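These notes are about the structure you will find just below.
The values are calculated or read from the model by the stated rules, or taken from the named source; none is laboratory data. Note that the structure is a prediction, hence the values are computed from the model and not measured. Quick reminder, even Gly has a Cβ in these numbers, built from the backbone with ideal geometry, and neighbours come from all protein chains shown.
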Amino acid sequence: MKEDWKPGTMIYPLPAVLVSCGSKEDEYNILTVAWTGTICTNPPMCYISVRPERHSYPILKKNMEFVINLTTEDMAFATDWCGVRSGRNYNKFEEMKLTPGKATIVNAPIIEESPLCIECRVKEIVSLGSHDMFIADVVNVKADDKYLDSETGKFDLARANLLVYAHGNYYGMGKKIGKFGWSVEKKK
């Protein structure tokens with residue numbers, strides 16, 4: 001039997017990402033975001049949703065660029081810490097011993113410890129209520145070569161031990177159980 005609940009955001013799990021922003025070192029900041037995702041393949045587009053009262057909000061709005069840095073189980077403490085501490089009071093890169101790196105296209109820094117960094121340029125900001133959605137074009141992706149499959153060149157999610165967020169908790173992704181199309185794949 002199913003029970004009715006009040007409407008809420010129960011689409012889980014979501015990636016727990018670190019979004020880096022700022023165009024110069026003295027304004028660099030990191031915020032933890034779980035309200036993020038893909039919205040279009042061609043052209044590649046994604047979004048992040050951010051509360052206007054967050055320290056990073058005016059930085060994002062001014063520069064109109066950011067980097068979505070995927071996180072790993074090893075980065076779980078830093079991911080949580082950057083979500084509960086404000087960049088008004090802390091230099092999050094220094095506090096968490098994360099390394100700001102040079103992005104290829106955008107001015108916002110990448111996080112060197114991240115296995116995959118998605119460089120984004122904001123197309124539109126949509127005010128939704130508690131959060132504003134930053135809709136962005138993906139202008140470049142930087143992948144750590146140690147997670148690339150030597151045969152296929154694909155990013156190996158399992159080896160990266162990516163971190164996900166579900167209803168207030170962080171989890172590892174778990175084991176692979178199939179691939180897209182495997183249920184209808186012709187057997188040899």
Inset, instruction - Take the residues in the stretch 132-161 that are in contact with a helix residue (DSSP H, G or I) (Cβ under 8 Å, 6 or more places away or on another chain), of a type outside the set (D, E, K, R) and part of a strand (DSSP E or B), then tell me which one is surrounded by the most Cβ atoms within 10 Å (Cβ to Cβ). - result: F134
Legend entry - Scope the stretch 10-61; condition without any contact (Cβ under 8 Å) to a residue 24 or more places away in the chain and among the hydroxyl-bearing types (S, T, Y); matching residues: T38, T41
Inset, instruction - Identify all residues within the stretch 130-188 that are of a type in the set (V, I, T), at pLDDT 95 or above and more than 24 Å from G101 (Cβ to Cβ); write none if there are none. - result: I135
Legend entry - Qualifying positions in the stretch 10-26 - surrounded by fewer than 22 Cβ atoms within 10 Å (Cβ to Cβ) and in contact with a strand residue (DSSP E or B) (Cβ under 8 Å, 6 or more places away or on another chain): Y12, P13, L14, P15, S23, E25
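Could we say that S130 is closer than 21 Å to G168 by Cα, touching a residue at least 24 places away in the same chain (Cβ under 8 Å) and hydroxyl-bearing (S, T, Y) here?
Yes.
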Inset, instruction - Mind listing whichever residues of the stretch 77-115 are hydrophobic (A, V, I, L, M, F, W, C) and within 25 Å of E53 (Cβ to Cβ)? - result: F77, A78, W81, C82, V84, F93, M96, L98, V106, A108, I111
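When the residues of the stretch 34-79 are narrowed to those that are of a type in the set (S, T, N, Q) and not in a strand (DSSP E or B), which ends up farthest from V164 (Cα to Cα)?
Among those residues, the one meeting the criterion is N63.
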Inset, instruction - Just need a number here: residues in the stretch 21-69 that are of a type in the set (S, T, N, Q), closer than 23 Å to S127 by Cβ and out of contact with any His (no Cβ under 9 Å at 6 or more places or on another chain). - result: 5
Inset, instruction - Consider F77 carefully, then state whether it is crowded, with 19+ Cβ neighbours inside 10 Å and closer than 28 Å to R159 by Cα. - result: no
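Which of the residues that make up the stretch 162-188 are among the small types (G, A, S) and exposed (fewer than 10 other Cβ atoms within 10 Å of the Cβ)?
G168, G174, G178, G181, S183
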Inset, instruction - Could you tell me whether the stretch 54-67 includes any residue that is at pLDDT below 95, buried (at least 20 other Cβ atoms within 10 Å of the Cβ) and not aliphatic (A, V, I, L, M)? - result: no
